[in-house]
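Remarks on the structure that follows.
The values are calculated or read from the model by the stated rules, or taken from the named source; none is laboratory data. Please read these numbers as outputs of a predicted model, since none were measured by experiment. As a convention, Cβ positions derive from the backbone with ideal geometry for all residues, glycine included, and neighbour counts pool all protein chains shown.
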Amino acid sequence: MNIKRNFLLTTIILTVVPLLAADVGKRHKETAGGFSLCPPQGWTVRTLPGMKYSIVAGPASKGFAPNINVVDETAEMALAAYVDANTRLLSKAFKGYKELSKSEFKTTSGLKGTRLLIQSNQDGTLLRQAFYFFAGTGDKKFVVTCSALASGGKEIDEGFEGSLKTFVLD
């Protein structure tokens, strides 16, 4: 009986793990920021004026390219308090703000953080955004924002999550 169960588990692992690994591309390192991640497969890393770190952008659809961007800041508070403060700020800053979920998040390397999923209207565009909050060294905090159009955003969530599972503080 154990042999059948082990065979079944091995078959599932050998089938599923390569599929999950195929969803992410080559690791992108932001040496100055002290972090790296693997973008979703087929997405591009771009430098934008005014942005401290490169962004990762997917193929555009309906005039919008889903994207991942990272910001950091110094905040002398625990990560949970930082997430709560940012949640309050976002609810006031974005028109039509709707919190869809908030949960603990853990990367493959074991880095713990919080995932906040929202929907809002930004400049007439209904967006679905996942904010991933991580504590860095000292008082440094990282916020990784994953943005997509609300219509079709659920399908992109898996790509975002797969990419964020690879987020590492170097």
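Give the number of residues within the stretch 97-112 that are part of a strand (DSSP E or B) and either touching a residue at least 40 places away in the same chain (Cβ under 8 Å) or among the β-branched types (Val, Ile, Thr) (or both).
Residues that pass the stated criteria total 1.
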Item to check | Check on Gly42, modelled with pLDDT under 95, more than 18 Å from Gly136 (Cβ to Cβ) and surrounded by 10 or more Cβ atoms within 10 Å (Cβ to Cβ) | outcome: yes
Checklist entry - When the stretch 1-33 is examined, which residues are found to be part of a loop (DSSP other than H, G, I, E, B), at pLDDT below 95 and basic (Lys, Arg)? => result Lys26
Next on the checklist: I'd like to verify a number: residues in the stretch 108-139 that are over 20 Å from Ile156 (Cα atoms) and among the charged types (D, E, K, R), how many?
Outcome noted: 3
Item to check | Which numbered condition Tyr82 misses (of (1) farther than 24 Å from Trp43 by Cβ; (2) in a strand (DSSP E or B)) | outcome: (2)
Checklist entry - How many residues are polar (S, T, N, Q) and part of a loop (DSSP other than H, G, I, E, B) when one looks only at the stretch 34-58? => result 3
Checklist outcome for this item: Checking Ala130, Ala148 in turn, the sole residue that is within 24 Å of Glu73 (Cα to Cα), assigned to a strand (DSSP E or B) and in contact with a Pro (Cβ under 6 Å, 6 or more places away or on another chain) turns out to be Ala148
Item to check | In the stretch 138-170, residue surrounded by the fewest Cβ atoms within 10 Å (Cβ to Cβ) [restricted to those that are at pLDDT 95 or above and either hydroxyl-bearing (Ser, Thr, Tyr) or out of contact with any strand residue (DSSP E or B) (no Cβ under 9 Å at 6 or more places or on another chain) (or both)] | outcome: Thr145
